[in-house]
Each structure stands twice: as structure tokens, then as C-alpha cells.
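Here's the structure, in C-alpha cells; my notes come after.
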Amino acid sequence: MSTNLSSSVIARRLAQLSPSATLAIDEKAKALAEAGEPVISFGAGQPDFPTPSHIVAAAVEACGNSANHGYSASGGLAVLREAVAIKTFRDSSLEIGPKQVLITNGAKHAIYNTFASLLNEGDQVLIPSPYWTTYPEAARLVGGVPVEVPTTQESGFKVSIDQLEACYSPATKLLVFVSPSNPTGVVYSGEEIREIGRWAGEKGIWVLSDEIYEHLIYGDNTHHSIAAVAPELNDRWVIVSGVSKSYAMTGWRLGWMISTEEVIGAATNMQSHTTSNVSNISQRAAIAALTGHQHAVGEMRAAFDTRRKLMLAILGDIPGITCVEPFGAFYTLPNVESFLGKQMGAQKVRPKSTMELADLLLEECKVAVVPGEAFAAPGFLRLSYALADEDLYEGMSRIKDLFLGAVD
Ligand code: PLP
């Protein structure tokens, strides 16, 4: 009865949204932790550091200033839009004006705004997989049709022009491009990005470039924005970014989208009827983040890099696991397919999927990981290394023990 009722009550676009594949594991992990179990979570999609103190201080000061107590411009404070323009030139060598910037409630909101601004019913969106699960759902919400472009571990999860070409159709309107990527950690070179931009330019399609992890890049790799390196795109790009990951500010909900004045004008108009301005306090904090000293960004990056190496070293000690070295963000995506069907743990179960394996890891080892099914990557697990060194070592040791004990 209630199912019928809800299916007739809830709008079709919402009724067809997939529930998050991570939710079940997440809920179980929380329940175990609340029951006093020593759960270690590799599920976090956010830095484990507090927001740097000079940013917090700017927010505290902003709270005391009544100028921040009322509504402000829907598109964002002029001084913050200017700061984003300056930052974009500083970090991406891309010259833009403040009218090309919209301040949003996190990068996730900027992604939704981008799809809502550009997609008509039935427009197809190319999404290289493994992908962050929000892209297809957000595209569907506005009537877009997500089209998965599968990449392979052998090519380091980098999408090729041939793979894009195979999935392109006259209904394709937009390509989602993300570097560094969640969940693969892949970072494309400037030349690879330019090639993809050139291809999209030839096809006349738009590119949404998600650059939220732009400051979390390791080794000799560097950040390149497709908007800067591929003039062939002819201004058909939208950059999405924000302060969440670089400045440990996920809870402040502050992101932005950058595009042509026409696209930003349309998205700002929509925002004026949906959310209005992002919290003025968060905007003031973001100004401090972007214009203040950048020491903390480098310190957090160095800490993540150390943990990245530790996690890769332990994964490398487990025969049967293979893992592409990630050079960005804070995730590894080990391939554990060879363990599916093997007998594992004291319960002597034989997990048939990475979903079941994640369940086993939680129940037996008290370790939470995200199964690859959440990212269209069955056979893989996503492990975040945004957690304290001791926890990382302890959790990885538990995982290693479980895998080393697997038998045919
Ligand atoms: N883009 C990617 C690739 C992400 O992984 C995330 C968060 O996990 C976001 C965007 C969303 O960022 P925000 O917290 O600013 O909404």
C-alpha cells in the first residue's frame, strides 16, 4: 500500500534516483562504532584536518559584523567572485572576470547548476567510469541521459579519444572531465587534457571540468585546467571547484562554477529562485582561504602524500591485489577481484561481490571501505587515506590479515 502511494506521490525524477550504494555500509559502520566497536573508516571523502585557524578567525569576525546578517547577492559577494577570478589566474593561468563566477553551496551544487543550465530533456552526458556517483544522478535529475564511458585499469583509468568516440552520439551535449579523479586518483597530463579538449571542441560539445582536487596532486604531476589548455573548446567549458578539499572546509558548503557570462547569468537567475546566496559567513571564510597564506594547503598535501605511500606499500604486500598508483585526491582503488569467491575470515564466507566483501571487512575486521559498485567499478574497493597515520596503519594491517588468510 505505502509503496504504491509513494510511487504515485513522488515525482518521477526523484523516484528514479538510485540510493547511494555506500549508505548501507556507512550506516552499519556508524552503528558498530556507537556500540563501542573499534571501527576504522577508510570511507571518508573529506580531509581529517580542522579548517586552518586564520580561516576560522575570519568567519568568527564575520559573525560579529551585522553587514553579514542579511541577504546578499544571489551570485556571491563581489569580493569573493573577484578572489576566485584572481585565484583562477594564479593556479590555472586562466584569465576570467568576476561576472563569470557563481558562488554555490559546495562544488556539488555547482555540478547540479551546470547540468540544469545546459541540459535539455534527452541530452546525453558522457561520464568516464569509474566515476563519482553524483554525476549521473544529478544529470538525470534535470532530464539528462548519463552515458558511461568505461576506462580500464590497464590504461590507468585514463579515458582515451577512441573510448570517447565510441560513446559519442549526435545527442551528446556534454562531457564530464575530472582530474584528479574520485575514485581513481588519476591525474591527466597537460597534453592529455589538451587532446581531450581538442576532441570535444571538434564535436562542439561542452565540458564540465571538476577541479575540486586541484591542490591535492603528488609527485611530479601538476594541475592543468582544460579551459586554459584547450582553446579549441571555444568557451564551451564550465569549471567546478571550491574550498572543500583544499582547505578542509567540506562542512562550510562553499564552491563555485566558472563559465561564460551567459551561462553564469542563467545559473545565477536559477539560484536566485532556489537557494539565494550561500551563507555570508562561509563566503567571508572562503575569501580568507583564497587570499590568505597557503601554507596549510601544502602541509595537508604532504601529510596525504605520506599516507598515500604507506597505503600503497601495504597494498603491495598483499599478493592478488593490484592497484594503479593514484597521483591525486586522497583515494586508492585496489582491484580485489581475484579474492571474490575465496573463503575468507573466521566466518568462512565466500564474498561474491565487492559489496559482500565490504560487508565482511566491516563485520570481521571492523574496517569500513566503499565497494566499487558505488562507482560503476565492481571488483574494486575505494579506500580513502584521509585518516590519522596510526588508524591507517592499524586498519590496513587488519585488511592485510584478512586477505592473507583467504583460501580457495
Ligand atoms: N567533485 C568530486 C569529484 C568530489 O569527490 C566531491 C566530494 O566528494 C565533490 C565534487 C563535492 O564537493 P563539495 O563538498 O564542495 O560539494
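FYI, it's all coordinate maths here, none of it is from the lab. Worth saying up front: this structure is predicted, and the values here are computed from it rather than measured. Because the Cβ atoms are built from the backbone with ideal geometry, glycine has one as well, and the counts that use them run over all protein chains shown.
Things to note:
- Whether the stretch 161-293 is rounded, prolate or oblate, judged on the alpha carbon gyration tensor where a/c under 1.5 counts as rounded: oblate
- Cα-based shape type of the stretch 224-273, given that a ≥ b ≥ c are square roots of the gyration tensor eigenvalues and the cut on a/c is 1.5: oblate
- Relative to the longest principal axis of the Cα atoms of the chain, helix 389-404 runs at roughly 40 degrees.
- Taking the C-alpha atoms only, the angle from helix 354-365 to the longest principal axis of the chain is near 70 degrees.
- Reachable aspartates and glutamates, given that their alpha-carbon falls under 19 Å from the alpha-carbon of residue 99 and they are not under 8 places away in the same chain: 82, 91, 235, 261, 262
- Over 20 Å apart at the Cα level, from the set 87/309; 28/309; 342/400; 87/158; 87/245, are 87/309; 28/309; 87/158.
- Degrees, to the nearest 10: 280-291 long Cα axis against longest axis of the chain: 80
- Net charge in the neighbourhood of residue 235 (other residues with Cβ under 13 Å of its Cβ; Lys, Arg +1, Asp, Glu -1) is -3.
- Over all directions, the projected convex hull of the C-alpha atoms in the chain averages 21.5 nm² in area.
- Placed amide H near residue 331: partners under 5 Å, 5+ positions off or other chain: 385
- Restricting the GluC sites (Glu not before Pro) of the stretch 78-185 to loop positions (DSSP other than H, G, I, E, B) with no more than 12 neighbouring Cβ atoms within 10 Å leaves 95, 121, 154.
- Here the Kirkwood formula puts the hydrodynamic radius of the stretch 210-365 at 19.3 Å, using every distinct Cα pair.
- Fewest-first sequence of 177, 330, 89 by Cβ atoms within 10 Å of each Cβ: 89, 177, 330
- If you take all other residues with their beta carbon under 15 Å from the beta carbon of residue 281, and give Lys and Arg +1 and Asp and Glu -1, the sum is +1.
- Between the stretch 140-204 and the stretch 49-92, the alpha-carbon centres lie 32 Å apart.
- Sum of side-chain charges, residue 100 neighbourhood, beta-carbon under 14 Å (Lys, Arg +1; Asp, Glu -1): -1
- J(HN,Hα) series, the stretch 225-236, from Karplus relation 6.51 cos²θ - 1.76 cosθ + 1.60, nearest Hz, glycine and proline x: 8, 4, 5, 8, 9, 10, x, 4, 5, 6, 6, 8
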